[in-house]
């Protein structure tokens with residue numbers, strides 16, 4: 001973990017910058033692994049190869065008490081004690097997220113947390 005950043009008191013990366021009901025993209029291994037949690041998933045259609053429509057599977061969001069769209073798996077409150085309720089089985093994109101990198105700092109800035 002990068003000095004100065006405590007993921008268990010942050011959660012900014014779990015806040016969706018979009019208004020849609022889905023946030024983190026799930027790939028096939030993710031969706032197979034996460035189905036056992038019975039968390040809501042969102043399916044979107046998007047143009048794929050050859051003009052065919054392809055399904056895009058996302059982990060759903062919910063509104064926190066402040067009205068921010070957050071990942072359905074976020075436990076606790078952004079900027080306070082929080083964590084991922086499916087941490088050991090979290091999606092690939094969450095596993096690739098790097099503490100302290102540009103995306104992390106942008107998320108913290110968006111949520112009004114110190115950068």
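For this structure, a couple of remarks:
- Taking 6, 89 and counting other C-beta atoms within 10 Å, the order from fewest to most: 6, 89
- Relative contact order of the chain, defined on C-alpha pairs under 8 angstrom at six or more residues apart (%): 36 percent
- Per-residue Cβ neighbour rank within 10 angstrom, fewest leading, 5, 27: 27, 5
- Each residue, residue 93 and residue 28, gets one label point 7 Å from its Cα in the Cβ direction; the gap between the two is 1.9 nm.
- Packing, as the average of other Cβ atoms within 10 Å across residues, places the peptides 33-41, 56-64, 16-24 in the order 56-64, 16-24, 33-41, highest first.
- Per residue Cα convex hull volume in Å³ - calculated over the chain: 114 Å³
Quick note: the coordinates plus some simple rules give every number you see, no bench work behind them. What you see is a predicted model, and the numbers here were worked out from it, not measured in a lab. Cβ sites come from the backbone with ideal geometry, for glycine too, and all protein chains shown count toward neighbours.
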